[in-house]
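A short write-up of the structure that comes next.
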Amino acid sequence: MADLKTELGEAVAAAFAAEGVDASLARVTTSDRPDLADFQSNGALAAAKALKANPRDLATRVAARLSGDPRLSGVEVAGPGFINFKVAEATLATRAEAIAGDTVLAGASAVTTPRKVVIDYAGPNVAKPMHVGHLRSSIIGESLKRLFRLRGDTVWGDAHFGDWGFQMGLLIVAVGDEGRADAFLTDGEGPFPDQSPVSLEDLERLYPAAAAQAKEDPAFRDRARKATAELQAGRPGYRALWQHFVAVSRTALEREFGALGVTFDLWNGESDADPRMAEMIAHLEARGLLVQDDGARVVHVAGPGETRKKKLADGSVIEAPSPPPLLVISSEGSAMYGTTDMATIVDRRETIDPDLILYVVDERQAEHFEQVFRAAYLAGYAEKGTLEHLGFGTMNGTDGKPFKTRAGGVLKLHDLITQARDKARARLTEANLGADLSPEEFEATAHKVAIAALKFADLSNSRTTSYVFDLDRFMSFEGKTGPYLLYQVVRIRSLLRRAAEQGAGVSPIAIVESAERDLALTLDAFDQAVSDAYDKRMPHLIAEHAYRLAQSFSKFYAACPVLIAPDDATRGSRLALSKAALDQLVLALDVLGIETPERM
Ligand code: ARG
């Protein structure tokens, strides 16, 4: 259902056109003076200037054309030529009724041509604990997955598990050096032990140590490189050992994602693209795209004249191609991060043939994706414009730098969730909430509050901006926070429960009070918020709508008694409005990946 603002915009455009004025100037916006009007159009000012006409006269003529519109109860010209619109109460009531009756989309609309969409997000890695960088990708990606699904697309969320490359060779050598994996280090064909020789704790301890050692110890680094090459070439013992690393990590990661309410349709690893590699390289070669560069093989992706100044080691400055060439095969013969991403595009094309692939990855990887996308387009693996990098800013500490723990380390996601849950319990108790709940229900509620706080704090910021991590603020029951929204949801649920106990039901919606008008208008704006969020891939537009809706309900509830309304019809109408607000709010939060409790 198109929202009122859009519909009015079309009507005003038609009136402009009928007056011989450029219809694109007819923009309708929400009124700055809600006491006087619901919407306004300032277009007559610019249009009159272009026509050298009197703006007030033009506005008056446009207004006269619209004054018969049955959706409007008032069309007035104000000031130098603003047109103010007041929506008829009956129109608001009909529209609110339609939203209340839309049990699936709560007033939002599906796309006309559904697409097949792959969303590549989270990108966790074997043996490396997830940190807050993965948190943002997980939260934003999960929300986009839900948003695209809501609008009718077929969506595959893919974790794109980092299970390949040099890190794996490092781990094989490090585990081998501890003398625990002898059975896997033999040259034979197996069979190899079913039991993993390492736990998650071992991997998390060994990986950073091995990475550090590789930086200082060239002999160790060379052994790790060799192990990587042998693993990738298929050495059975290494493959078996690696499978254990992958399985141990994945189990732990899935537990963490589960706690966050993040799920994937695909857990494809970078390794799954490996079988596509040889054919891909041959294809790049046949197309003449693969060129020698200092012993390595690269694809040039910059067009003519695309250069930037680059300082060389000797201090001289040259004009280098920008973006730089994509490194496909290093001088040591290994496939690189970008090679894997290219091969993954080939794999997705063969298995899914998506219309669109969205990559939800830190903004700092923007150049990497620019290189990969250009190379994929050149190779004919994807149609131009069907690969999109959706970058995001960092979660910062109060010092403005990417968030670190007090000890200076990266904060593990697991510890963050634990901290958030502790705080949620304390906040609930302080606010005297959840006192009547069973211990299990209290715990489940605290978990929901914690996750809502983290997710809403992230998603209420525009994806591209960085924000400051402040658990105390995120966790407050007041202000623009997840807990505030959950509190409003629970309040409406409690109201509806009490109504049901009293045998009070819904009846046709009537819009009388200004708080009812505001609530109806807010409900009506959902469709636009959803389609804007979808078009721009910006979940914060949904977060903003959810917050506005919660506030609008709160004001309505304060101004318009529901259970003690003056008559049954008013009570029934207000209950219907409350229920519509609840359903839309719950749906908006669901799109953000936020679960709501029944009570607290
Ligand atoms: N595993 C990578 C990391 O931790 C992120 C992967 C992003 N996705 C991709 N298709 N490259 O940085």
Checklist entry - With respect to ALA100, is the statement that it is on the phi > 0 side of the Ramachandran plot and either among the hydrophobic types (A, V, I, L, M, F, W, C) or touching a helix residue (DSSP H, G or I) at 6+ places or on another chain (Cβ under 7 Å) (or both) true? => result no
Item to check | Contacts under 8 angstrom Cβ, first residue in the range 353-366 being part of a loop (DSSP other than H, G, I, E, B), partner small (Gly, Ala, Ser) and within 8 Å of the ligand (Cβ to nearest atom), 6 or more apart | outcome: VAL361/GLY123; VAL361/SER137; ASP362/GLY133; ASP362/SER137
Item to check | Flag if ASP153 is under 29 Å from PHE245 (Cα atoms) and modelled with pLDDT of 95 or more | outcome: no
Checklist entry - Do you know which residues across the range 310-352 are in a loop (DSSP other than H, G, I, E, B), farther than 25 Å from ILE119 by Cα and either without any contact (Cβ under 8 Å) to a residue 40 or more places away in the chain or out of contact with any strand residue (DSSP E or B) (no Cβ under 8 Å at 6 or more places or on another chain) (or both)? => result LEU312, ALA313, ASP314, GLY315, SER316, SER322, PRO324, SER330, SER331, GLU332, GLY333, SER334
Item to check | Subset of the range 344-367 [closer than 26 Å to GLN232 by Cα, surrounded by 18 or more Cβ atoms within 10 Å (Cβ to Cβ) and within 11 Å of the ligand (Cβ to nearest atom)] | outcome: THR344, ILE345, ARG348, TYR359, VAL361
Next on the checklist: One residue is enough: does the range 292-304 have a residue meeting the conditions among the charged types (D, E, K, R) and under 17 Å from LEU378 (Cβ atoms)?
Outcome noted: yes
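Table: residues versus (1) part of a loop (DSSP other than H, G, I, E, B); (2) within 19 Å of ILE542 (Cα to Cα).
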{"residue": "ASP415", "(1), (2)": "no, no"}
{"residue": "ILE451", "(1), (2)": "no, yes"}
{"residue": "LEU454", "(1), (2)": "no, yes"}
{"residue": "THR464", "(1), (2)": "yes, yes"}
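Here's the yes/no breakdown for (1) more than 29 Å from ASP194 (Cβ to Cβ); (2) of a type in the set (A, V, I, L, M):
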| position | (1), (2) |
| --- | --- |
| LEU241 | no, yes |
| ALA252 | no, yes |
| LEU289 | yes, yes |
| HIS300 | yes, no |
| ALA313 | yes, yes |
| PRO321 | yes, no |
| PRO325 | yes, no |
| VAL328 | yes, yes |
| GLY338 | yes, no |
Item to check | Enumeration of residues in the range 140-161 that are away from the ligand (no atom under 16 Å from the Cβ) and more than 14 Å from the chain's Cα centre (by Cα) | outcome: ARG151, GLY152, ASP153, THR154
Checklist entry - (1) in a loop (DSSP other than H, G, I, E, B); (2) near the ligand (Cβ under 10 Å from one of its atoms); (3) aromatic (Phe, Trp, Tyr): which one isn't true of PHE392, the others all being true? => result (2)
Checklist entry - Cβ-Cβ below 6 Å, separation at least six or inter-chain, first residue in the range 139-163 and over 14 Å from ALA533 (Cβ atoms), second crowded, with 23+ Cβ neighbours inside 10 Å and among the acidic types (Asp, Glu): which pairs? => result ILE139/ASP458; ASP158/ASP120; HIS160/ASP120; GLY162/GLU270; ASP163/GLU270
Checklist entry - What are the residues in the range 11-40 that are assigned to a helix (DSSP H, G or I) and modelled with pLDDT of 90 or more, if any? => result ALA11, VAL12, ALA13, ALA14, ALA15, PHE16, ALA17, ALA18
Next on the checklist: It is to be established whether one or more residues within the range 167-177 are within 16 Å of the ligand (Cβ to nearest atom) and charged (D, E, K, R).
Outcome noted: no
Checklist entry - Do you know which residues across the range 402-424 are at pLDDT 85 or above and charged (D, E, K, R)? => result ASP415, ARG421, ASP422, LYS423
Checklist entry - Failed condition for ALA569, given (1) among the hydrophobic types (A, V, I, L, M, F, W, C); (2) buried (at least 21 other Cβ atoms within 10 Å of the Cβ); (3) not in a loop (DSSP other than H, G, I, E, B), with all others met? => result (2)
Next on the checklist: Would you confirm, using the coordinates I've provided, whether ALA335 is under 22 Å from the mean Cα position of the chain (by Cα) and either surrounded by fewer than 13 Cβ atoms within 10 Å (Cβ to Cβ) or within 16 Å of the ligand (Cβ to nearest atom) (or both)?
Outcome noted: no
Next on the checklist: Residue under question is ALA375, and the condition is that it be modelled with pLDDT of 95 or more, surrounded by 18 or more Cβ atoms within 10 Å (Cβ to Cβ), more than 12 Å from the ligand (Cβ to nearest atom) and over 26 Å from LEU231 (Cβ atoms); does it hold?
Outcome noted: no
Checklist entry - So which residues in the range 261-294 are within 16 Å of the ligand (Cβ to nearest atom) and among the hydrophobic types (A, V, I, L, M, F, W, C)? => result VAL262, PHE264, LEU266, TRP267, ALA273, MET277, MET280
Item to check | Hits in the range 185-203 (condition: buried (at least 16 other Cβ atoms within 10 Å of the Cβ) and either among the charged types (D, E, K, R) or over 34 Å from the mean Cα position of the chain (by Cα) (or both)) | outcome: LEU185, PHE192, SER196, PRO197, VAL198, ASP202
Checklist entry - Which condition breaks for ALA64 when tested against (1) in a helix (DSSP H, G or I); (2) within 39 Å of the chain's Cα centre (by Cα); (3) surrounded by fewer than 20 Cβ atoms within 10 Å (Cβ to Cβ)? => result (2)
Checklist outcome for this item: Of the residues in the range 91-139 that are among the polar types (S, T, N, Q) and within 16 Å of the ligand (Cβ to nearest atom), the one that is surrounded by the fewest Cβ atoms within 10 Å (Cβ to Cβ) is ASN125
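The values are calculated or read from the model by the stated rules, or taken from the named source; none is laboratory data. Just so it is clear, the structure is predicted and the values come from calculations on it, not from any experiment. FYI the Cβ positions are ideal-geometry reconstructions off the backbone, even for glycines, and counts take in every protein chain you see.
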